[in-house]
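In what follows, a structure is listed as C-alpha cells, so that the remarks can point back to it.
The values are calculated or read from the model by the stated rules, or taken from the named source; none is laboratory data. These numbers were taken from a predicted model, which means no experiment stands behind them. Glycine also receives a Cβ, built like all others from the backbone with ideal geometry; neighbour counts cover every protein chain displayed. To get the accessible areas, we keep the full protein, side chains included, count just its heavy atoms, and leave off ligands, DNA and RNA. Shrake-Rupley method; radii C 1.70, N 1.55, O 1.52, S 1.80 Å.
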Amino acid sequence: MGTRARASVSPQLFAHWFVDPSGSSVWSFLRVECAAGSEPAIPSRFSRFPKNIGRPIMALLCSSAKYLMPTQFTVNKTFGKDDLIMLRNLTRLLRKNICSVSKPSQVKKDSVGKPLSKKVKVNEAFIRRAFGNSSDLVVRELHVGPGGKFTVLLVYVDGLVDKTLISENLIERISDQADKSRTPEQAYDDLKNRIIAVSDVKETGDLDNFLNHVAGGYCGLLIDDVAKVLVADTRGWAQRSIEEPTTEATVRGGKEGFVETLRTNTSLLRRRVKHPRLRIEECEIGTISKTSVAIAYISGLADEKVVQEVRNRLARINVDSIQESGQIEELIEDAPFSPFPTILRTERPDKVAGALFEGRIAILTNGTPFALIVPATFTMFLTTPEDYFERTFIGSALRAIRYLSFFTSLTLPSLYVAVTTFHQEMLPTALILNVAAQREGVPFPAVVEALLMEALFEILREAGVRLPKIVGPAVNIIGGLVIGEAAMRAGLVSPIMVVVVATTGIASFATPVFSIAIGARLLRFIMVLLAGSLGFFGIVAGLFALGIHLTSLRSFGVPFMEPIAPAIVSEFKDLLARVPWWAMHTRPALVGHKDLVRQGWDQKPKPPVYLGKDAHR
C-alpha cells in the first residue's frame, strides 16, 4: 500500500486522495466531507482533469451532500513526480469553486444595498433584528390619515437624541396634523415639507443608510405603503463644555479648547475664520465605528495638491474603528518609524486657525479634542501661541529658552558621562576633584549610573501621570526626594548625577508638545550609551546621525527641517527669534506660496507728526 502524506491546505473542506505505490496519476478514491448547507454549483473546469479524477468529483458535487460551515482541508496522498502540480491545481479549483459558495452570507452584510419595503411591519422587524433588540432602541407608532388608517413609525436610539426636540417638533406636530393626509404619499410629502420642524431632514430609500443615520443620533420616520424614509437631525447628547486646554496652558491667549464633539470644534474654527473661503470637508472612517473626520483649510491659501494628498491618505484607511486622532496620525504619517512626529497635534483652536492662515490643513476627528495639522515642521513643535501674542522680545526670549531646554534634555546626561569617563581634562581641576570625591564609593560606572537614574526618573514621571490629579504631583515630589536622597545615602549614585538627571527632567518639561518631548527622552538613552562608549566622538556622531535623519524627513511633501534645510533666508524671521508683527509680511514659502503676501508692507508704527503748539486741540 502506498505511503500517505498529510498536508493542511485550507480550512474549507475535507478531501483525501489515495495513489497506488507506483506513484502514477491514477486516483483510486476521493471523498469530500462537510457540514450541511447550500449546494455549490458544478465547476465546468473539472473536465480538463483525467476522467478517473473528474468523474468522482462531479459525482460527489451532484450528490445530496451539502456545504455550509467548512472546518478543515487535509490531503492524504503518495507523492509521485507529477502528482504535486495536479494536486495544487485541483486544490485551487476546489477552493475557488466550492468554498467561496459555501458561506456568502458571512462575507456581506444583510443590509448593504437592501431597499426598504413598503410594509412598515417588515421594516420594523428588520430594524429590530439589525440592532439585536437593543434596550436603547425606541420604536414609536403613530397613526395618521382618516381614522388613523396610515401608520407612521418613529425610530431612534435613546441617549443620542434630544427628546424634547422629538416630542415638540415631531410627535406633537404629527399628532396635530393627523387627519389632513388622504393618501400615504400625501402624508409622506406633508411630513417632509410641512410638518417636521427640524432644520435638517434627509430622504433615503436604502436600509443600510437609514440604519447608519439612526445609529448616529438621527430619528427615522417610516410610513406604510411608502418605500422611502425620512431621517431628521435630532442629535443631542451630553457633552463636555468648552474649557481651557489642559495640555497647552498659556499665560496670554485664548482660554478655549477643542472638545470631543466635531461640530463644536468646527464652530470654534468658524468663529476665528469668518470667511466663506474656509472649507470643511467631512468623511466617515471605520467600517463599524463610522467616525466623522473633517478636513479644514482655507481655499486660495492651501496648496490644492497637498489637500488632495490628505484626501487620498484618508480615503486609503480601511479599519473597523477610529477612536482617536492618534490612530489617523499613524495611518497617514510620512515616517512611521521615526522617533519624531511629522504631524502636529493640538487642542487649541487659535493654534489651528494660525496654521490655516499660513496655508496648512487641519484634520478634526469626532470623539477627541486633538486636531492634527499638516504639513508640520520641526520648529512648529517648539513654538507656543505666546510667542506670537507677547511682544517680540519676550516671545523671542521664551523661544530661545525652549530651544536650549530641548537640547539640554537631549544631551546633558551624555555630556556628563563623556566628561567623567573620557575627557576629565576639560573641566577645571577643582571641579573635577569635587566630582571625583562625590563619585568615590559609587559601585557603578558613570554610564550605568546615568541609565539607572534616567530609568527611575521616567518611572516616577509615568506614575505621576497615571495617578489621580490630587495624588500624582505629591508622588512625583515625594518619590523624587525620598528615592534620590536614599540612593545617595546608600552610595548607589553620586549627588552630581541627581542634579544632572533633575535638570534634564525639568528641561524636558519646557518642550511644549509631548509627542516630540518623548522622542527626545527615548533618544537620550541612546546618546548616553554612545557617550559611554566613544565619549564626545560618540555624541557628535549621534548628533550628526540625528541631523541627517531630520533633514531626510518630509511632512506631506514639505521638508521637516524647513527653513533650516533647505535654507530659506526669508523664513529666518520666525526661526530662533521672531521679528515684530509689522515685519512679518509673507507666509512660509513652501506652504503659503499660492498667496505669499499676508499683510501690507508699511505697517511699522510711527510717532505722530508734530503740528505745533495747537496740536493738542
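Can you name every residue in segment 296-310 that is surrounded by 13 or more Cβ atoms within 10 Å (Cβ to Cβ) and assigned to a helix (DSSP H, G or I)? Write out each step before concluding.
Looking only at segment 296-310, we keep the residues that are surrounded by 13 or more Cβ atoms within 10 Å (Cβ to Cβ), and these are 296-299, 301-303, 306-307, 309-310.
Hits for segment 296-310 are VAL306, VAL307, GLU309, VAL310.
Only one of ALA362, ALA450, ALA400 is crowded, with 22+ Cβ neighbours inside 10 Å, assigned to a helix (DSSP H, G or I), of a type outside the set (Val, Ile, Thr) and touching a residue at least 60 places away in the same chain (Cβ under 8 Å). Can you tell me which?
Values: ALA362 fails: assigned to a helix (DSSP H, G or I); ALA400 fails: crowded, with 22+ Cβ neighbours inside 10 Å.
Step by step, each of ALA362, ALA450, ALA400 is checked, and only ALA450 is crowded, with 22+ Cβ neighbours inside 10 Å, assigned to a helix (DSSP H, G or I), of a type outside the set (Val, Ile, Thr) and touching a residue at least 60 places away in the same chain (Cβ under 8 Å).
Can you tell me how many residues in segment 138-165 are at negative phi and under 31 Å from the mean Cα position of the chain (by Cα)?
Taking segment 138-165 and keeping what is at negative phi, we get 138-144, 146, 149-158, 160-165.
This time we only want the ones that are under 31 Å from the mean Cα position of the chain (by Cα), so: 156-158, 160-162.
Number satisfying all stated conditions: 6.
Would you confirm, using the coordinates I've provided, whether THR384 is surrounded by 21 or more Cβ atoms within 10 Å (Cβ to Cβ) and modelled with pLDDT under 95?
Values: surrounded by 21 or more Cβ atoms within 10 Å (Cβ to Cβ): yes; modelled with pLDDT under 95: yes.
Spelling it out, THR384 is indeed surrounded by 21 or more Cβ atoms within 10 Å (Cβ to Cβ) and modelled with pLDDT under 95.
Looking at the structure I just gave you, is ASN312 in contact (Cβ under 8 Å) with a residue 60 or more places away in the chain and among the polar types (S, T, N, Q)? Talk me through it step by step, then tell me what you get.
On the way: in contact (Cβ under 8 Å) with a residue 60 or more places away in the chain: no; among the polar types (S, T, N, Q): yes.
So ASN312 does not fit the description; no.
Restricting attention to segment 556-567, does a residue exist that is exposed (fewer than 13 other Cβ atoms within 10 Å of the Cβ), in a loop (DSSP other than H, G, I, E, B) and not assigned by TED's automatic domain parsing to the domain that holds ALA520? Talk me through it step by step, then tell me what you get.
Our first condition is that a residue be exposed (fewer than 13 other Cβ atoms within 10 Å of the Cβ); within segment 556-567, this holds for 566-567.
Of the ones still in play, those that are also in a loop (DSSP other than H, G, I, E, B) are 566-567.
Those left that are additionally not assigned by TED's automatic domain parsing to the domain that holds ALA520: 566-567.
Yes, some residue in segment 556-567 is exposed (fewer than 13 other Cβ atoms within 10 Å of the Cβ), in a loop (DSSP other than H, G, I, E, B) and not assigned by TED's automatic domain parsing to the domain that holds ALA520.
Failed condition for ILE373, given (1) surrounded by 19 or more Cβ atoms within 10 Å (Cβ to Cβ); (2) over 21 Å from ILE516 (Cα atoms); (3) without any contact (Cβ under 8 Å) to a residue 60 or more places away in the chain, with all others met?
ILE373 satisfies all of (1) surrounded by 19 or more Cβ atoms within 10 Å (Cβ to Cβ); (2) over 21 Å from ILE516 (Cα atoms); (3) without any contact (Cβ under 8 Å) to a residue 60 or more places away in the chain except (2).
Can you work out which of the residues in segment 487-498 that are in a helix (DSSP H, G or I) and over 23 Å from VAL465 (Cβ atoms) is most open to solvent (accessible area, probe 1.4 Å)?
Taking segment 487-498 and keeping what is in a helix (DSSP H, G or I), we get 487-489, 495-498.
Then keep just the ones that are over 23 Å from VAL465 (Cβ atoms); that gives 488-489, 495-497.
Working: MET488: 61, ARG489: 192, PRO495: 54, ILE496: 48, MET497: 1 Å².
Filtering first and then ranking leaves ARG489.
Where residues in segment 342-359 are open to solvent by less than 10 Å² (accessible area, probe 1.4 Å) and part of a loop (DSSP other than H, G, I, E, B), which of them is farthest from PHE514 (Cα to Cα)? Can you show your working first?
Of segment 342-359, the ones open to solvent by less than 10 Å² (accessible area, probe 1.4 Å) are 342-344, 346, 348-349, 352-353, 355-356, 359.
Next cut, part of a loop (DSSP other than H, G, I, E, B) only: 342-343, 348, 359.
Details: THR342: 13, ILE343: 12, ARG348: 14, GLY359: 24 Å.
Residue satisfying both the conditions and the ranking: GLY359.
Quick test of your reading of the structure: ARG587 fulfils all but one of (1) within 27 Å of ASP303 (Cβ to Cβ); (2) open to solvent by less than 70 Å² (accessible area, probe 1.4 Å); (3) out of contact with any Phe, Trp or Tyr (no Cβ under 9 Å at 6 or more places or on another chain). Name the failing condition by number.
(3)
Scan segment 125-169 residue by residue and report those that are outside any helix (DSSP H, G or I), of a type in the set (Asp, Glu) and either exposed (fewer than 13 other Cβ atoms within 10 Å of the Cβ) or not assigned by TED's automatic domain parsing to the domain that holds ASP208 (or both).
Kept after step one, since they are outside any helix (DSSP H, G or I), are these residues of segment 125-169: 131-145, 149-162.
Right, trim to of a type in the set (Asp, Glu) and you get 136, 141, 158, 162.
If the condition is that a residue be outside any helix (DSSP H, G or I), of a type in the set (Asp, Glu) and either exposed (fewer than 13 other Cβ atoms within 10 Å of the Cβ) or not assigned by TED's automatic domain parsing to the domain that holds ASP208 (or both), then ASP136, GLU141, ASP158 are the ones that fit.
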